[in-house]
1. Looking only at the stretch 56-82, which residues have a backbone nitrogen under 13 Å from a spot 7 Å from the Cα of N172 in the C-beta direction?
2. Return the loop-located trypsin sites (Lys or Arg not before Pro) in the stretch 14-75 (DSSP other than H, G, I, E, B) with at most 16 other Cβ atoms within 10 Å of their own Cβ; answer none if there are none.
3. Out of every Cα-Cα pair in the chain, what percent are more than 29 Å apart?
4. Restricting attention to the stretch 135-181, which trypsin sites (Lys or Arg not before Pro) occupy a DSSP loop and are surrounded by at most 16 other Cβ atoms within 10 Å?
5. Tell me, how many Å apart are the Cα centres for the stretch 1-69 and for the stretch 162-194?
6. Take D82 and L37, extend 7 Å from each Cα along the Cα→Cβ direction, and tell me the distance between the two endpoints in nm.
7. With the cut-off at 21 Å, report for the stretch 48-151 the share of all Cα pairs above it, as a whole percent.
8. How large is log10 of I(q)/I(0) for the stretch 46-101 at q = 0.13, 0.14, 0.19 Å⁻¹ when the intensity is taken from the Debye formula with one equal scatterer per alpha-carbon?
Amino acid sequence: MKNIQKEKTLIVIKPDGIQRSLIGEIVKRYERLGLKLVALKMFVPKSDFIEKHYTVDLNWRMANGEKTIKAYRDKSLTPPTDDPMEMSAMTLEKLKKYMSSGPVVAMVWEGAHAVQIVRKITGGTEPLTSDVGTIRGDFVLDSYQISDPTGRAVRNLIHASGSIDDAEKEINLWFKPEEIIKYNLVQEHILYDVNLDGILE
Ligand code: GDP
Ligand code: MG
(Lines give C-alpha, C1' and ligand atoms only; values in the text may rest on other atoms or scores of the structure.)
(Ligands and ions follow the chains in the order given, each with its own letter.)
Protein backbone atom coordinates (compact mmCIF):
# COMPACT_ATOMS: atom_id res chain seq x y z
CA MET A 1 0.00 0.00 0.00
CA LYS A 2 1.17 3.50 -0.81
CA ASN A 3 2.03 5.80 2.09
CA ILE A 4 -1.29 7.54 2.57
CA GLN A 5 0.34 10.52 4.29
CA LYS A 6 2.17 11.25 1.02
CA GLU A 7 -0.98 11.55 -1.09
CA LYS A 8 -0.71 14.62 -3.34
CA THR A 9 -3.23 16.79 -5.13
CA LEU A 10 -3.02 19.64 -7.64
CA ILE A 11 -4.73 22.92 -6.77
CA VAL A 12 -4.82 25.81 -9.22
CA ILE A 13 -6.09 29.24 -8.21
CA LYS A 14 -7.81 30.32 -11.42
CA PRO A 15 -7.48 33.83 -12.94
CA ASP A 16 -10.63 35.09 -11.15
CA GLY A 17 -9.19 34.00 -7.79
CA ILE A 18 -6.05 36.05 -8.41
CA GLN A 19 -8.06 39.09 -9.63
CA ARG A 20 -10.33 38.91 -6.58
CA SER A 21 -7.29 39.05 -4.24
CA LEU A 22 -8.15 35.67 -2.74
CA ILE A 23 -4.74 33.94 -2.98
CA GLY A 24 -4.05 34.26 0.75
CA GLU A 25 -7.59 33.31 1.76
CA ILE A 26 -7.52 30.19 -0.43
CA VAL A 27 -4.02 29.07 0.63
CA LYS A 28 -5.02 29.54 4.28
CA ARG A 29 -7.96 27.14 3.90
CA TYR A 30 -5.75 24.29 2.71
CA GLU A 31 -2.84 25.13 5.00
CA ARG A 32 -4.88 25.10 8.19
CA LEU A 33 -6.16 21.57 7.44
CA GLY A 34 -2.65 20.30 8.10
CA LEU A 35 -1.77 19.67 4.48
CA LYS A 36 1.79 20.42 3.40
CA LEU A 37 2.57 22.72 0.45
CA VAL A 38 5.25 20.93 -1.59
CA ALA A 39 5.29 22.94 -4.86
CA LEU A 40 4.13 26.36 -6.01
CA LYS A 41 4.37 28.51 -9.14
CA MET A 42 2.63 31.39 -10.91
CA PHE A 43 2.31 31.74 -14.69
CA VAL A 44 -0.11 32.44 -17.55
CA PRO A 45 -1.11 29.07 -19.06
CA LYS A 46 -1.47 28.64 -22.83
CA SER A 47 -4.81 27.52 -24.18
CA ASP A 48 -3.50 24.16 -25.55
CA PHE A 49 -1.97 23.40 -22.14
CA ILE A 50 -5.42 23.86 -20.58
CA GLU A 51 -6.92 21.41 -23.07
CA LYS A 52 -4.23 18.88 -22.11
CA HIS A 53 -4.96 19.47 -18.43
CA TYR A 54 -8.69 18.80 -18.72
CA THR A 55 -8.25 15.77 -20.97
CA VAL A 56 -5.65 13.84 -18.94
CA ASP A 57 -8.74 12.09 -17.57
CA LEU A 58 -10.24 10.27 -20.56
CA ASN A 59 -13.65 10.17 -18.83
CA TRP A 60 -13.76 13.91 -18.12
CA ARG A 61 -15.74 14.83 -21.25
CA MET A 62 -18.59 12.42 -20.53
CA ALA A 63 -18.64 13.00 -16.74
CA ASN A 64 -18.54 16.80 -17.07
CA GLY A 65 -21.33 16.85 -19.68
CA GLU A 66 -23.57 14.56 -17.63
CA LYS A 67 -22.97 16.63 -14.46
CA THR A 68 -23.96 19.91 -16.11
CA ILE A 69 -27.05 18.47 -17.79
CA LYS A 70 -28.15 17.03 -14.44
CA ALA A 71 -27.53 20.37 -12.70
CA TYR A 72 -29.86 22.10 -15.19
CA ARG A 73 -32.55 19.43 -14.82
CA ASP A 74 -32.34 19.47 -11.01
CA LYS A 75 -33.37 23.14 -11.18
CA SER A 76 -36.12 22.42 -13.75
CA LEU A 77 -34.11 24.30 -16.39
CA THR A 78 -33.50 23.15 -19.97
CA PRO A 79 -29.81 22.35 -20.67
CA PRO A 80 -28.25 23.89 -23.83
CA THR A 81 -28.03 20.34 -25.25
CA ASP A 82 -29.02 16.80 -24.21
CA ASP A 83 -25.75 15.35 -25.48
CA PRO A 84 -23.10 15.17 -22.70
CA MET A 85 -20.20 15.11 -25.20
CA GLU A 86 -21.52 18.21 -26.94
CA MET A 87 -22.06 19.93 -23.60
CA SER A 88 -18.49 19.31 -22.44
CA ALA A 89 -17.03 20.25 -25.84
CA MET A 90 -18.64 23.69 -25.42
CA THR A 91 -17.37 23.89 -21.85
CA LEU A 92 -13.82 23.00 -22.84
CA GLU A 93 -13.67 25.90 -25.32
CA LYS A 94 -14.88 28.30 -22.58
CA LEU A 95 -12.38 26.87 -20.12
CA LYS A 96 -9.45 27.39 -22.49
CA LYS A 97 -10.28 31.12 -22.66
CA TYR A 98 -10.95 31.42 -18.92
CA MET A 99 -7.83 29.65 -17.73
CA SER A 100 -5.45 31.38 -20.17
CA SER A 101 -6.82 34.89 -19.53
CA GLY A 102 -4.25 35.78 -16.84
CA PRO A 103 -1.91 34.44 -14.20
CA VAL A 104 -2.83 31.37 -12.16
CA VAL A 105 -1.16 29.97 -9.04
CA ALA A 106 -0.51 26.22 -9.27
CA MET A 107 0.27 24.25 -6.13
CA VAL A 108 0.84 20.69 -4.99
CA TRP A 109 -0.45 19.89 -1.50
CA GLU A 110 0.43 16.68 0.35
CA GLY A 111 -1.13 14.82 3.27
CA ALA A 112 -3.53 12.05 4.28
CA HIS A 113 -6.56 11.91 1.96
CA ALA A 114 -5.33 15.08 0.25
CA VAL A 115 -7.47 14.62 -2.88
CA GLN A 116 -10.77 13.95 -1.14
CA ILE A 117 -10.33 16.47 1.66
CA VAL A 118 -9.38 19.22 -0.76
CA ARG A 119 -12.45 18.50 -2.92
CA LYS A 120 -14.62 18.61 0.19
CA ILE A 121 -13.49 22.04 1.33
CA THR A 122 -13.27 23.42 -2.22
CA GLY A 123 -16.98 22.69 -2.79
CA GLY A 124 -19.09 21.62 -5.78
CA THR A 125 -18.43 22.94 -9.29
CA GLU A 126 -21.38 25.37 -9.55
CA PRO A 127 -21.11 28.10 -6.89
CA LEU A 128 -24.91 28.48 -6.82
CA THR A 129 -25.16 25.05 -5.19
CA SER A 130 -21.70 24.66 -3.57
CA ASP A 131 -22.09 23.98 0.15
CA VAL A 132 -21.93 26.83 2.64
CA GLY A 133 -18.53 26.87 4.32
CA THR A 134 -16.68 25.63 1.22
CA ILE A 135 -14.42 28.05 -0.66
CA ARG A 136 -16.64 28.08 -3.75
CA GLY A 137 -19.72 28.37 -1.54
CA ASP A 138 -18.36 31.29 0.48
CA PHE A 139 -16.51 33.49 -2.00
CA VAL A 140 -18.29 33.45 -5.36
CA LEU A 141 -21.82 33.51 -6.81
CA ASP A 142 -21.81 32.14 -10.38
CA SER A 143 -24.15 29.61 -12.05
CA TYR A 144 -24.46 27.63 -15.31
CA GLN A 145 -27.62 29.62 -16.01
CA ILE A 146 -25.77 32.94 -16.21
CA SER A 147 -22.43 31.71 -17.60
CA ASP A 148 -23.50 29.34 -20.41
CA PRO A 149 -25.64 31.75 -22.48
CA THR A 150 -22.87 34.36 -22.48
CA GLY A 151 -20.31 31.77 -23.61
CA ARG A 152 -18.05 31.80 -20.59
CA ALA A 153 -16.97 29.17 -18.08
CA VAL A 154 -18.44 29.11 -14.60
CA ARG A 155 -16.09 31.20 -12.45
CA ASN A 156 -15.38 29.19 -9.37
CA LEU A 157 -11.90 30.32 -8.28
CA ILE A 158 -10.14 26.96 -8.04
CA HIS A 159 -9.22 23.77 -9.81
CA ALA A 160 -8.70 20.73 -7.56
CA SER A 161 -7.90 17.20 -8.81
CA GLY A 162 -10.90 14.88 -8.85
CA SER A 163 -9.18 11.57 -8.05
CA ILE A 164 -5.79 10.19 -6.96
CA ASP A 165 -5.20 8.98 -10.49
CA ASP A 166 -6.02 12.38 -12.05
CA ALA A 167 -3.88 14.11 -9.43
CA GLU A 168 -0.82 12.05 -10.44
CA LYS A 169 -1.32 12.83 -14.13
CA GLU A 170 -2.05 16.52 -13.54
CA ILE A 171 0.94 17.01 -11.22
CA ASN A 172 3.13 15.42 -13.92
CA LEU A 173 1.80 17.89 -16.45
CA TRP A 174 2.13 21.03 -14.29
CA PHE A 175 5.40 20.31 -12.43
CA LYS A 176 8.81 18.76 -13.07
CA PRO A 177 9.81 16.16 -10.43
CA GLU A 178 12.56 18.46 -9.09
CA GLU A 179 10.01 21.24 -8.45
CA ILE A 180 8.29 19.08 -5.83
CA ILE A 181 10.10 19.51 -2.54
CA LYS A 182 10.51 16.67 -0.04
CA TYR A 183 10.72 18.09 3.50
CA ASN A 184 9.34 17.57 6.98
CA LEU A 185 6.90 19.77 8.85
CA VAL A 186 7.17 19.76 12.65
CA GLN A 187 3.38 19.45 12.96
CA GLU A 188 3.37 16.08 11.18
CA HIS A 189 4.14 14.41 14.55
CA ILE A 190 0.92 15.84 15.96
CA LEU A 191 -1.09 14.82 12.89
CA TYR A 192 0.21 11.30 12.37
CA ASP A 193 2.29 9.85 15.26
CA VAL A 194 0.76 6.91 17.12
CA ASN A 195 1.78 8.28 20.50
CA LEU A 196 1.84 11.98 21.28
CA ASP A 197 5.15 11.58 23.11
CA GLY A 198 7.29 14.60 23.75
CA ILE A 199 4.63 17.19 24.49
CA LEU A 200 5.09 17.18 28.29
CA GLU A 201 8.42 18.15 29.84
P1 GDP B 1 -14.54 20.76 -11.17
O2 GDP B 1 -13.73 19.50 -11.08
O3 GDP B 1 -15.47 20.96 -10.02
O4 GDP B 1 -13.68 22.00 -11.40
O5 GDP B 1 -15.48 20.64 -12.47
P6 GDP B 1 -15.20 20.02 -13.93
O7 GDP B 1 -13.87 19.34 -13.99
O8 GDP B 1 -16.39 19.23 -14.33
O9 GDP B 1 -15.17 21.33 -14.87
C10 GDP B 1 -14.04 22.13 -14.96
C11 GDP B 1 -14.41 23.60 -14.88
O12 GDP B 1 -15.17 24.00 -16.03
C13 GDP B 1 -15.30 23.99 -13.71
O14 GDP B 1 -14.58 24.20 -12.52
C15 GDP B 1 -15.97 25.25 -14.22
O16 GDP B 1 -15.10 26.39 -14.12
C17 GDP B 1 -16.16 24.97 -15.69
N18 GDP B 1 -17.43 24.34 -16.07
C19 GDP B 1 -17.71 23.02 -15.90
N20 GDP B 1 -18.90 22.71 -16.43
C21 GDP B 1 -19.38 23.84 -16.97
C22 GDP B 1 -20.59 24.15 -17.71
O23 GDP B 1 -21.42 23.29 -17.98
N24 GDP B 1 -20.78 25.42 -18.09
C25 GDP B 1 -19.87 26.39 -17.85
N26 GDP B 1 -20.16 27.64 -18.27
N27 GDP B 1 -18.72 26.15 -17.19
C28 GDP B 1 -18.47 24.89 -16.74
MG1 MG C 1 -12.53 18.63 -12.57
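1. Counting only backbone N, you get 56-58.
2. Working: sites: R20, K28, R29, R32, K36, K41, K46, K52, R61, K67, K70, R73, K75; in loops: R20, R32, K46, K75.
Answer in residue order: R20, R32, K46, K75.
3. Numbers: 5166 of 20100 pairs.
The calculated P(r) of the chain puts 26 percent of pairs beyond 29 Å.
4. R152
5. The stretch 1-69 and the stretch 162-194 have Cα centres spaced 13 Å from each other.
6. So the two model labels end up 4.9 nm from each other.
7. Numbers: 2309 of 5356 pairs.
Result: 43 percent of Cα pairs exceed 21 Å.
8. Each listed q corresponds, in turn, to -0.33, -0.38, -0.65.
The values are calculated or read from the model by the stated rules, or taken from the named source; none is laboratory data. This one's a predicted model, so the numbers in the text were calculated from it and none came from an experiment. So basically every Cβ, Gly included, is an ideal-geometry build from the backbone, and we count neighbours across all protein chains shown. Each accessible area value is taken on the protein alone, full model and side chains, heavy atoms only, with ligands, DNA and RNA left out. Shrake-Rupley method; radii C 1.70, N 1.55, O 1.52, S 1.80 Å.
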